[in-house]
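The values are calculated or read from the model by the stated rules, or taken from the named source; none is laboratory data. Remember, predicted model here, so these are calculated numbers, not experimental data. Every residue, glycine among them, receives a Cβ derived from its backbone with ideal geometry; neighbour counts consider all protein chains shown.
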Amino acid sequence: MSNSYKLLVLPGDGIGPEVMKEVIKVAKSIGELSKVKFEIEEDDIGGSAYDRYGTPLSDETLEKAKNSHAVLLGAVGGEKWDNLDFSLKPEQGLLRIRKELDLFANLRPALCFESMVDASSLKPDLVSGLDILIVRELTGGIYFGEPRGIEDKGNGNRVGINTQSYSTEEVRRVARIAFELASKRGNRVTSCEKSNVMESGILWREEVSHVHENEYSNVELSHMYADNCAMQLVRNPKQFDVIVTDNLFGDILSDEAAMLTGSLGMLPSASLGAVDSNNFRKSLYEPVHGSAPDIAGKGIANPIASILSFAMCLKYSFNMYKESDLINKAVNNVLASGFKTADLIGDDNKNLSTVEMGGQILNQIKEDF
Ligand code: IPM
Ligand code: MN
């Protein structure tokens with residue numbers, strides 16, 4: 001193999017830079033071991049980009065992202081930038097890069113490692129062996145819909161407005177990804193919306209059913225209201241295989257699913273665009289957790305979600321299945337040996353630092369390669 005890939009690393013804010021340092025070590029090591037060249041370039045996004053460029057995502061950085069084979073992102077946001085104008089807030093950088101790269105499908109797997117079973121807030125038998133995949137629509141819905149804004153009606157009366165809107169194609173393309181992925185695992189898709197109160201939900205349900213009937217009738221499809229799904233996730237999470245849902249419901253349900261696995265510090269994600277004429281798709285990989293300002297700079301953040309996001313990158317962007325599996329197994333082994341970071345409350349708590357956890361995983365990877 002003599003492949004060479006350009007990776008743009010955007011560590012961002014809070015614990016982002018700490019955990020991304022560990023990812024870069026893993027990427028370099030995997031590159032050497034598998035004789036694949038990863039050209040790694042770093043830049044800023046979010047608050048750190050605002051501090052440097054006066055904007056949460058500069059045009060130059062966006063251009064670099066468009067010219068990379070994959071983007072690896074840490075996290076954005078923090079108190080320091082709370083008082084900025086809404087359009088300059090760190091989160092806007094993240095939303096812009098998702099939108100501009102047209103990364104419409106956000107894959108958020110919630111997988112419970114066996115050694116983490118006791119860290120879940122649910123009973124062990126409910127989460128043991130849990131393996132669900134949330135496919136969240138990422139570039140549409142209420143996050144981007146127009147009209148939006150805050151209208152001043154006078155006399156101290158204001159109205160805040162956001163619009164939920166979905167088109168046929170926006171729903172169909174994300175549904176196809178969900179069916180495709182389901183066909184390679186449990187073969188079941190649960191589509192979630194609120195078609196009992198929202199027209200966009202009715203359209204969502206109809207379009208998902210359309211794709212199902214015409215293209216994926218071999219996959220089992222069921223529909224569920226999003227509030228019921230939230231409830232079912234804590235009642236009996238193992239009933240799910242793939243959940244496909246809109247941008248806002250997906251944001252909420254994926255945090256809930258993440259917590260079932262013991263810690264938000266464990267969950268990776270992949271954001272994918274459409275496959276182009278060169279058989280290439282734009283992609284961005286980031287942990288589901290945020291910038292965690294409360295522990296930033298302390299060196300105790302869990303790097304696992306970011307490292308597992310890189311494993312998703314190897315799988316979905318570079319077809320490096322073996323190396324991707326290797327990372328997953330290394331994480332599993334390190335956790336099984338009782339190594340934990342502060343967010344993972346367990347019995348034999350040894351509380352590694354970010355760098356120590358990264359180091360353990362790296363050693364395991366080298367050992368197993
Ligand atoms: C996420 C985050 C983002 C979102 C924020 C930081 C804009 O919560 O990726 O889940 O709401 O999508
Ligand atoms: Mn979120």
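Output the residues belonging to region 217-269 that are among the charged types (D, E, K, R) and more than 16 Å from ligand 1 (Cβ to nearest atom).
Correct list: 220, 227, 235, 238, 241.
Can you give me the ranges of the strands (runs of 3 or more DSSP E) entirely in region 164-248 with at least 1 residues that are over 21 Å from the mean Cα position of the chain (by Cα) and among the polar types (S, T, N, Q)?
Passing ranges, in order: 220-225.
Given the conditions (1) in a helix (DSSP H, G or I); (2) hydrophobic (A, V, I, L, M, F, W, C); (3) touching a residue at least 60 places away in the same chain (Cβ under 8 Å), which single one is not true for residue 330?
All conditions pass for residue 330, except number (3).
For region 297-323: of the residues being among the small types (Gly, Ala, Ser) and crowded, with 19+ Cβ neighbours inside 10 Å, which is farthest from residue 358 (Cα to Cα)?
Per the stated criteria, the residue is 317.
Of all residues being part of a loop (DSSP other than H, G, I, E, B) and in contact with a Phe, Trp or Tyr (Cβ under 9 Å, 6 or more places away or on another chain) in region 309-327, which is farthest from ligand 1 (Cβ to nearest atom)? Just the residue, please.
Filtering first and then ranking leaves 318.
Which one of 254, 306, 277, 283 is more than 13 Å from ligand 2 (Cβ to nearest atom) and part of a helix (DSSP H, G or I)?
The match here is 306.
When you scan region 133-163, how many residues do you find that are touching a helix residue (DSSP H, G or I) at 6+ places or on another chain (Cβ under 7 Å), in a loop (DSSP other than H, G, I, E, B) and not hydrophobic (A, V, I, L, M, F, W, C)?
2
Evaluate the following for residue 294: is it within 16 Å of ligand 1 (Cβ to nearest atom), farther than 30 Å from residue 206 by Cα and either in the same structural domain as residue 176 (by TED's automatic domain parsing) or not in a helix (DSSP H, G or I) (or both)?
yes
If I go through region 71-108 residue by residue, how many of them are on the phi > 0 side of the Ramachandran plot and either surrounded by fewer than 20 Cβ atoms within 10 Å (Cβ to Cβ) or within 13 Å of ligand 2 (Cβ to nearest atom) (or both)?
The number of residues fulfilling the criteria is 2.
Only one of these is touching a Gly at 6+ places or on another chain (Cβ under 6 Å) and closer than 21 Å to residue 97 by Cα: 251, 246, 241. Name it.
That would be 246, the only listed residue that is touching a Gly at 6+ places or on another chain (Cβ under 6 Å) and closer than 21 Å to residue 97 by Cα.
Just to be sure, is residue 68 touching a residue at least 60 places away in the same chain (Cβ under 8 Å) and of a type in the set (Ser, Thr, Tyr)?
Yes; evaluated as a whole, the condition is true for this residue.
Does residue 271 qualify as being within 13 Å of ligand 2 (Cβ to nearest atom), small (Gly, Ala, Ser) and either surrounded by fewer than 21 Cβ atoms within 10 Å (Cβ to Cβ) or under 14 Å from the mean Cα position of the chain (by Cα) (or both)?
Considered against the rule, which asks whether it is within 13 Å of ligand 2 (Cβ to nearest atom), small (Gly, Ala, Ser) and either surrounded by fewer than 21 Cβ atoms within 10 Å (Cβ to Cβ) or under 14 Å from the mean Cα position of the chain (by Cα) (or both), residue 271 comes out as yes.
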